[in-house]
Amino acid sequence: MAKFYDMDDIITDEEVVSVVFEKAACGVGIDPSSETDSVEVGSKVELPFWLAHELQLRQAVSMNVPTCFNQKTRLEIQADSACVDLRSRCPFFYEFGCKIAPLVGVRTIGPLLLSAFKSRYKEVLTKAHTAAFPAASKHLTILTKEETNLYEAAQSSMTAFKRWRMGGPRFQRASVLGRKRKSTD
Amino acid sequence: MAGQSDPHQSLFSAEEVEFIAEDETVEIIPNLRMDALNFICGDFGPFFPQIATQVPLWLAVALKKRGKCTIRPPQWMSVEKLTQVLEAERDSQRMFEQLPFHYVEISRLLFDHARDDIPDVYMARSLIEDIRDVRFHKVETNLETLTERAFALKINNLSAMEVNIVRPFVGRALQAFYKHDSLELIPDQERVSDRRPQVANNATRRHLRR
């Protein structure tokens with residue numbers, strides 16, 4: 001519950017997962033392709049992660065591996081992880097991976113996340129402290145949300161230091177000072 | 001407080017680090033006669049004209065602003081010493097030269113407030129800038145070695161400001177590495193190659209005990 005109010009965590013839960021129903025469900029309109037308001041056994045439906053997770057706990061559905069962790073993405077990450085556009089695949093690639101890995105029972109997701117982060121981390125490191133303009137980098141558009149946070153942490157501490165080095169106003173005037181007192185009469 | 005840090009970004013802002021640095025002592029030559037000052041951090045003075053004495057940097061700057069003293073720049077801020085340090089920094093890829101923990105802040109304060117007391121002020125200033133750039137580049141190359149196996153990184157002689165710049169980044173990066181290397185995500189079979197030497201070590205140790 002530590003992340004109950006964490007906005008990123010809530011958005012991560014919204015990621016769509018494809019599931020296969022193992023029990024029939026009546027009176028729910030969650031399958032857009034079915035004609036009636038019920039879901040047949042064995043039908044394939046895309047559900048947000050939070051719902052799929054709850055249903056799986058009740059053994060009503062079984063989860064498939066999401067597309068961002070399939071073989072194709074895996075091969076791309078192995079080939080050149082620094083250039084893969086992970087943001088368009090899944091903006092919370094790492095968080096989502098951590099959440100889904102124990103549920104789908106694919107043991108390779110964990111090592112995939114680690115190796116992807118390890119090689120992409122270097123790219124973030126070399127760009128973060130040197131880039132002149134924070135928003136001008138094209139590199140930023142392929143980073144996931146977690147990597148962007150890392151990048152911005154480095155960027156903001158560097159700009160704060162540069163601002164301090166350049167000087168500027170050393171003392172900030174308190175807002176109560178310098179205000180002219182209104183004459184009462 | 002004016003320079004207060006954003007609690008989510010880093011522990012200290014640059015202004016706060018500068019504030020801490022103001023407690024370092026420097027040598028001043030006062031031109032006034034004054035009794036000793038008794039502070040919580042210690043007693044300073046008494047002050048006699050033309051007799052050098054040690055005071056904290058903040059007091060030195062305050063006296064300097066009122067024209068009551070000249071500040072003697074510390075040994076390490078001479079041009080010869082800085083040139084030596086810069087050359088040494090450029091020569092070694094891994095090692096950092098020994099400089100005062102607050103050299104970035106102290107030099108900035110002195111350059112701001114006591115320009116006329118420092119010989120070759122432009123030269124010294126650009127040397128310190130160069131040293132800082134070389135060192136920071138080395139910090140970055142050191143950080144590239146961070147992996148899931150390296151839970152910590154030891155860099156000797158790093159200064160306060162340099163640590164402060166990389167702190168938010170390193171903290172988050174280490175956290176991410178730790179998270180993705182946790183036991184639940186990487187099953188034991190994947191680690192077998194790492195475990196084996198450890199088992200071998202235990203076996204030999206037992207053997208020796210017998």
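The values are calculated or read from the model by the stated rules, or taken from the named source; none is laboratory data. Model, not experiment: these values are computed from the prediction. We place every Cβ from the backbone using ideal geometry, glycine too, and count neighbours over all the protein chains shown. For accessibility, only protein heavy atoms count, side chains too; no ligands or nucleic acids. Shrake-Rupley method; radii C 1.70, N 1.55, O 1.52, S 1.80 Å.
With the stretch A:75-159 as the region, which helices (runs of 4 or more DSSP H) entirely inside it contain at least 2 residues that are within 9 Å of another protein chain (Cβ to nearest Cβ) and over 30 Å from A:Leu51 (Cβ atoms)?
On the way: elements: A:86-89, A:93-104, A:109-128.
In the stretch A:75-159, the matching helices (runs of 4 or more DSSP H) lie at A:109-128.
Of the candidates B:Glu27, B:Glu18, the single residue that is open to solvent by less than 90 Å² (accessible area, probe 1.4 Å) and more than 14 Å from every other protein chain (Cβ to nearest Cβ) is B:Glu27. Among the residues of the stretch A:43-54, are any more than 14 Å from every other protein chain (Cβ to nearest Cβ), open to solvent by 80 Å² or more (accessible area, probe 1.4 Å) and in contact with a strand residue (DSSP E or B) (Cβ under 8 Å, 6 or more places away or on another chain)? Looking through the stretch A:43-54, at least one residue is more than 14 Å from every other protein chain (Cβ to nearest Cβ), open to solvent by 80 Å² or more (accessible area, probe 1.4 Å) and in contact with a strand residue (DSSP E or B) (Cβ under 8 Å, 6 or more places away or on another chain). Tell me, yes or no, whether the stretch A:29-38 has at least one residue that is outside the structural domain of A:His139 (by TED's automatic domain parsing), open to solvent by less than 80 Å² (accessible area, probe 1.4 Å) and under 30 Å from A:Lys127 (Cα atoms). Scanning the stretch A:29-38 turns up no residue that is outside the structural domain of A:His139 (by TED's automatic domain parsing), open to solvent by less than 80 Å² (accessible area, probe 1.4 Å) and under 30 Å from A:Lys127 (Cα atoms).
Taking the conditions exactly as written (free of Cβ contacts under 8 Å to residues at least 60 places away in the same chain, of a type in the set (S, T, N, Q) and loosely packed, with under 12 Cβ neighbours inside 10 Å), does A:Gln78 satisfy them or not? Judged against the criteria, A:Gln78 is not a match.
Return a yes/no flag: does the stretch B:152-168 have any residue that is modelled with pLDDT under 50 and either under 30 Å from B:Gln98 (Cβ atoms) or open to solvent by less than 60 Å² (accessible area, probe 1.4 Å) (or both).
The initial filter retains those residues of the stretch B:152-168 that are modelled with pLDDT under 50, namely none.
Checked the stretch B:152-168: no residue is modelled with pLDDT under 50 and either under 30 Å from B:Gln98 (Cβ atoms) or open to solvent by less than 60 Å² (accessible area, probe 1.4 Å) (or both).
Give me the helices (runs of 4 or more DSSP H) completely within the stretch B:46-117, filtered to those with at least 1 residues that are open to solvent by less than 90 Å² (accessible area, probe 1.4 Å) and farther than 27 Å from B:Asp130 by Cα, ordered by residue number. Steps first, please.
Details: elements: B:57-65, B:79-91, B:103-113.
Output list reads B:57-65.
Applying the selection to the stretch A:78-103, what residues are modelled with pLDDT of 85 or more and among the β-branched types (Val, Ile, Thr)? The answer is A:Ile100, and nothing else.
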